[in-house]
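The values are calculated or read from the model by the stated rules, or taken from the named source; none is laboratory data. Everything quoted here is computed from the prediction, not taken from an experiment. Positions of Cβ are generated from backbone atoms using ideal geometry, with glycine treated the same way; all protein chains shown enter the neighbour counts. Surface accessibility is based on the protein's heavy atoms, side chains included, excluding ligands, DNA and RNA. Shrake-Rupley method; radii C 1.70, N 1.55, O 1.52, S 1.80 Å.
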Amino acid sequence: MKATAQELAEILNGEIIGDPMITVHAPSKIEEGTIGTISFLANPKYEKFVYTTNASILLVGKDFIPKQDISSTLIKVDDVYASVGSLLNAFGASAQKEYEHSSLAFIDPSANVHKDTNIGPFACVGKEVQIGEGTHVSAHVTINENVTIGKDCMIYPGVTLYANTVIGNRCIIHAGAVIGSDGFGYSKDEEGVYTKINHVGNVMLEDDVEIGANAVVDRATMGSTIIKKGAKLDNLVQIAHNVEVGDHTVIAALSGIAGSAKIGKHVIMGGQVGVVGHREIADKVMIQGKSGVASNVTEVGKRLYGYPAIEYREYLKAYALMRQLPDLHQRIKELENQIKDLKK
Amino acid sequence: MKATAQELAEILNGEIIGDPMITVHAPSKIEEGTIGTISFLANPKYEKFVYTTNASILLVGKDFIPKQDISSTLIKVDDVYASVGSLLNAFGASAQKEYEHSSLAFIDPSANVHKDTNIGPFACVGKEVQIGEGTHVSAHVTINENVTIGKDCMIYPGVTLYANTVIGNRCIIHAGAVIGSDGFGYSKDEEGVYTKINHVGNVMLEDDVEIGANAVVDRATMGSTIIKKGAKLDNLVQIAHNVEVGDHTVIAALSGIAGSAKIGKHVIMGGQVGVVGHREIADKVMIQGKSGVASNVTEVGKRLYGYPAIEYREYLKAYALMRQLPDLHQRIKELENQIKDLKK
Amino acid sequence: MKATAQELAEILNGEIIGDPMITVHAPSKIEEGTIGTISFLANPKYEKFVYTTNASILLVGKDFIPKQDISSTLIKVDDVYASVGSLLNAFGASAQKEYEHSSLAFIDPSANVHKDTNIGPFACVGKEVQIGEGTHVSAHVTINENVTIGKDCMIYPGVTLYANTVIGNRCIIHAGAVIGSDGFGYSKDEEGVYTKINHVGNVMLEDDVEIGANAVVDRATMGSTIIKKGAKLDNLVQIAHNVEVGDHTVIAALSGIAGSAKIGKHVIMGGQVGVVGHREIADKVMIQGKSGVASNVTEVGKRLYGYPAIEYREYLKAYALMRQLPDLHQRIKELENQIKDLKK
């Protein structure tokens, strides 16, 4: 893609200060901007680079007032971050719209694969699988029997979809993710020997779900493990059997949700968070990275921190005083000595 | 599978209350039960659904006494959970017992693969590999040279087995797991530059071991990293070089065991647990999720919690008081003031 | 490889005590040493095995003085660990130096693959990919368009390299690792719905980098996520978009570095460490396993522990006193009672 300042200003509904005919072909970071690129100033910390960057165009907030001369053409916009998102999408948009089923793929004759799809080399599409229009199945993807995938999905290389998984429209599944593996469930006899409990349920991803690289979503013992509309899971996240993740919830990398937990809508979890099995977490709850949630959270929008997790500020205060324990300990000793003296 | 209440009651050694000839074809959750399915009541919290479910058959404990009318046929059993396990296995049992080596697989001529095995499309079986009767190797599995796999194993798609790995009978390895990768071992020179230490050992999984999706077990520097009989590792677990995991030990998702640690038998670890290298953990120890074990644990059956991990109740008490530190701090200040007054 | 004590002593610059012509063909652990193997004593705890092992040769420190008779031939060396490293490399060195492009691989005609490389079965090499001399691409590796790989790299099975990834010389990437996946970045509208931000950057691995099994390195929003010269990442590590990991830094398993964090040189991180986004960590900092780093760390060589991480000894002291809180609480109560009595 190549565009003039004027074309971009129209897309972004922005105001040009400088040369409307200057052209750019790629985005750049402001501190690395070169001629022919467009960069942006969102964080005021980076303002110094505005005066030194070689980027041909700079996106800035509509209230930005330069303190020195600027060589770049400016486009002033209402919301710099949102505009950058739009721009990145414009520049990143793949030109490819030709569909191909690789002759090196294995597609079972009973599978129902829309003709307008991509199936990569060595992809393996099992019995009775359904794949909707516009979906891209990359190299080395394994899709087991009876899986259903909607329209316009992107399945990256090496993904495994176990049998009976159901995937909505516009889902993105990154490389190496595993959807539908057995839950970690066993019965234990009196000698402590475990016997596997068969998991006959499945996994359902609703529309617009994104699953990170090497993440794992286990299928349900019975029924479905469900990741609801618009939820986003980062890399290496673990979702156990029968979990429900609510609409538009985001879960950062290396977090794990244990069996049958129910996570609300618009929840935000940092990285390496753990949630104990069978717990329920209300909508809009925010959980600080590394926290371990051991109880139900019923208050909408509550912010949590700690291990086990408690209210965010309460944890910070308690932790700050824990750091002062050597001093508090000393003060207790002094009080004891003073009392001893007073009692004499 | 389709079965009557009478057939199921015989399998489960249960007592029928209702229509012995009613048939079911699938299991269901009690709150979602539909006609033609069998559901169960194990957790008393769900008793209300007993009176509203449409499941044709319900498994209940032998002491269960209904408080209202029930439309389902009941089968009363001694142990509901164990019966559910048996049922799920009966319904989940795959009909497939025909074996096939996909023409799309690569099998080295020197490999010794039993004829009664499945080898999926694009599987890659290396030199001198041995695979026993009844084992299923799925699509996209890589088995490097000199690996030995026993009987009746299930290797899911995308698994990688590095050279010289030894796998017992009836093991299950979920998609994306990596067995036998190099340990994380380096020598460091005086300038802080790391040189790789070659790992010439291997990994041994004994019989009935299950390894979760995208889990990793590193091979030993010398000798073997060993996962003993009946041990179960959940998804995304990391087992470092030269670790030994004891018989019938279970380790939940995202836990990591550092190099040369020795975990006893019948140990239970929650998710996201960490164990420092070279530590030994006694049999039947229980470690709360997210704990970090930094010392040897010599007491059989000890329960641990915290970071670093201490005795379970000790941690809970200390943490409860940590939350009260703002109050304790206040009380110390008041004591100091009162002493000051008394001294006047 | 088969070698005499004399040959090995020359390689290791060691002194022989015993039979210079005795031969060995493999390394062994001292407690399991058999005739024909070479073992070593580095940790004094294992000295008792020196007197009972059947290993034909033993490496010991040059200051080692036996307390009893020893049947093995000794080689005394300056640094036992370094010598063991050299030995393992000698014994582990693969004889294979013949190169082959499997007829079962898919190599795009536009790719530029050096003839002296290995390309395994079902590997998938995309458009405009460049692969340097001596590099080994294993089975089931996916290399997307425009990836560049240097010389003498080892890419293990099932690795996925997203488009535009750049890999230096002598890098090792273990099975299932994913390099170049999208960063976890979204813009959020007023209804809490997330829209994906396109990531147009890439990942660069400099020379001598090693990436563990099933680890993930996300590509940058713009610019590059960079893993610098000689850095080593363990299994299941997560590196987010735009992170920079410094030269010769080591990060143990299951750690996660959030977006745009900048990790210095020669940093050492234990397992399950988390670093918050946009933080900077100075050179030579050491972070205890499971710690969560929430602030910038400016002091070179600082040692950290805790959640959030504070100075190592400070955390240990505070935690020790946290365990004594029930006692401290009791002492405060007693002080309160005594003051009450004094006031009467």
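Of all beta bridges that DSSP places with both ends in chain A, some 15 percent have antiparallel geometry. Would you work out which of C:G289, C:S72, C:V200 lies farthest towards the positive end of the dipole of chain C, given +1 charges on the beta-carbon of Lys and Arg and -1 on that of Asp and Glu, about the Cα centre? Selected residue: C:G289. With viscosity set to 0.692 mPa s and temperature to 37 °C, compute the Stokes-Einstein D of the protein assembly as shown, Rh being the Kirkwood radius across alpha carbon pairs; µm²/s, no decimals. Value of D from the Cα-based Kirkwood radius: 106 µm²/s. A DSSP coil position with no more than 16 other Cβ atoms inside 10 Å describes the following GluC sites (Glu not before Pro) in segment C:173-251: C:E190, C:E191.
Computed over segment B:110-217, the quotient of the alpha carbon radius of gyration and 2.2 N^0.38 Å is 1.16.
Of the beta bridges in segment A:159-308, as assigned by DSSP with both residues counted there, near 5 percent are antiparallel.
Buried surface for the B/A pair, taken as the accessible area of each chain alone minus that of the pair with a 1.4 Å probe, is close to 4900 Å² in total.
For segment B:159-308, the dipole from Cβ point charges (+1 on Lys and Arg, -1 on Asp and Glu) about the Cα centre works out to 380 debye, to the nearest 20. Convex hull volume of the Cα atoms of segment B:5-164, normalised per residue: 144 Å³.
Could you give the length gained by full extension between A:R303 and A:E7, i.e. 0.36 nm per residue of separation minus their alpha carbon distance, to one decimal place?
Answer, rounded to one decimal: 102.3 nm.
Summing charges over neighbours of A:G192, with a neighbour being any other residue whose Cβ is under 14 Å away from its Cβ, gives 0 when K and R count +1 and D and E count -1. Roughly speaking, to the nearest percent, how much of the protein assembly as shown's 1.4 Å accessible area is carbon and sulfur? Reported share for carbon and sulfur atoms: 48 percent. Placing +1 on the Cβ of every Lys and Arg and -1 on the Cβ of every Asp and Glu, with nothing else charged, gives chain A a dipole about its Cα centre of roughly 1320 debye. When both bridge partners sit in the protein assembly as shown, DSSP labels roughly 15% of those beta bridges antiparallel.
The helix-based estimate of mean residue ellipticity at 222 nm for chain C, built from -39,500 (n - 2.57) per DSSP H run of four or more residues and divided by its residue count, is -5000 deg cm²/dmol to the nearest 500. Taking chymotrypsin sites (Phe, Trp or Tyr not before Pro) in DSSP loop conformation with at most 16 other Cβ atoms inside 10 Å as exposed sites, chain A has its longest uninterrupted site-free stretch at A:100-344.
When the other protein chains are added to the chain by itself, burial of at least 40 square angstrom of heavy-atom accessible area (probe 1.4 Å, ligands and nucleic acids ignored) affects these residues of segment C:26-64: C:K29. Here each label is just a point 7 Å from Cα along the line to Cβ, and for A:H278 and C:H278 those points are 4.1 nm apart. Along each principal axis, taking the top coordinate minus the bottom one, the Cα set of segment B:159-308 gives 41, 40, 23 Å in descending order.
Per residue, the protein assembly as shown exposes 42 Å² of accessible surface when a 1.4 Å probe is rolled over the protein heavy atoms with every protein chain present.
For segment C:1-85, the number of Lys pairs with C-alpha atoms closer than 15 Å, counting only pairs eight or more positions apart or on separate chains, is 5.
Taking every eigenvalue of the Cα gyration tensor of chain B, multiplying by 5 and rooting it, what semi-axes result, largest first, whole Å?
On the way: eigenvalues 360, 315, 42 Å².
The equivalent ellipsoid of chain B has semi-axes of 42, 40, 14 Å.
About the centre of its Cα atoms, the protein assembly as shown shows a dipole size close to 3780 debye [charges on the beta carbon of Lys, Arg (+1) and Asp, Glu (-1) only; nearest 20 debye]. Among the residues of B:196-205, the average count of other protein chain beta-carbon atoms within 10 Å of the residue beta-carbon is 4.
The listed peptides C:20-27, A:224-231, A:139-146, ordered by packing as a protection proxy, come out as A:139-146, A:224-231, C:20-27 (highest mean of other Cβ atoms within 10 Å first). When only alpha carbons are used to place a centre, segment B:263-294 and segment C:210-258 end up 27 Å from one another.
Shielding value for B:323-331 is 6, the average number of Cβ atoms from other chains within 10 Å of each residue's Cβ. With its label point defined 7 Å out from Cα along the Cα-to-Cβ axis, A:H25 lies at 6.1, 6.2 nm from the matching points of the other copies, in increasing order.
Computed from the C-beta positions of C:E133 and C:E100 and an R0 of 22 Å, the FRET efficiency is 0.95 to the nearest 0.05. Positive-end ranking of B:A261, B:Q330, B:L342 along the dipole of chain B, with charges on Cβ about the Cα centre, is headed by B:L342. Over segment C:153-192, the fraction of Cα-Cα pairs per 10 Å bin, rounded to whole percents and listed from the shortest bin up, is 25, 40, 15, 13, 7. In the assembled protein chains, A:C124 presents an accessible area of approximately 10 Å² (probe radius 1.4 Å).
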